[in-house]
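The values are calculated or read from the model by the stated rules, or taken from the named source; none is laboratory data. Worth saying up front: this structure is predicted, and the values here are computed from it rather than measured. Glycine also receives a Cβ, built like all others from the backbone with ideal geometry; neighbour counts cover every protein chain displayed.
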Amino acid sequence: MTCQHHPDSQQLLAFASGRLSFARQTAIQIHLNMCPHCASHVHQLESFGGDWLDKLEPQPLTHINAANVLDAIRKQTDSKPQPSTSDYSDIIHKAVRGETDQLNWHWRTKRFAELPLAANDDGLEVKLIYIKPGMKVPKHTHQGKEITVLLQGSFHDHLGHYRRGDYVVRDRNHEHSPQADSECICLAITDAPLKFTGTFGPVLNWLFN
């Protein structure tokens, strides 16, 4: 089944040039593994970038440039380590294969669970979300940006219907209450807590945030 929701062109360009954080790179890579259309687009961008580099004239590395390069390397070495793929690639692969019983879920309710993933990545919160069929997430908006990649199953809200491989971005301009159509597993990346807005919003904000 073809994906219906995709990263925009700017996100794909940032991915192809390696300018995204580890978590965002991971989210787009998962989508590319399930979306031939976007994978082809990224391949074209990478080919274009390679052709452009091949056409550049070689430039001598001056003493000043060499010093700048060494300084940049030292700064990179001194900076906080970024997560390696091994931090949560095995967990994500199990989720993609539907091996949910092998994951250490943190159950919030009888029908909703989370699995926080290792992240040292620009203050992002990265987690897997498991929703049982028919479960409706309470109405909420977003204080920042939320990226969701659907690994298994499907869900819907008043904005659309989302299936395996779909890449969905929501922000403070969106208020919704997603409901699982089937057993649903998602990778979710947020840069700020959700803001629950329904009748029990204050209580849920206190419990979950």
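In region 118-173, of all residues being free of Cβ contacts under 8 Å to residues at least 40 places away in the same chain and buried (at least 20 other Cβ atoms within 10 Å of the Cβ), the one that is nearest to the chain's Cα centre (by Cα) corresponds to L150.
When region 86-110 is examined, which residues are found to be charged (D, E, K, R) and either touching a Lys or Arg at 6+ places or on another chain (Cβ under 6 Å) or more than 14 Å from K132 (Cα to Cα) (or both)?
D87, D90, K94, R97, E99, listed by residue number.
Being among the hydrophobic types (A, V, I, L, M, F, W, C), under 19 Å from T148 (Cα atoms), modelled with pLDDT of 60 or more and not in a helix (DSSP H, G or I) is a property that C38 lacks. Considering region 13-24, and only residues there that are touching a helix residue (DSSP H, G or I) at 6+ places or on another chain (Cβ under 6 Å) and either modelled with pLDDT of 95 or more or closer than 21 Å to K127 by Cα (or both), the residue that is surrounded by the most Cβ atoms within 10 Å (Cβ to Cβ) turns out to be F15. Of these, Q10, Q29, Q44, which one is among the polar types (S, T, N, Q), more than 26 Å from A118 (Cβ to Cβ) and within 16 Å of the chain's Cα centre (by Cα)? After applying the criteria, what remains is Q10.
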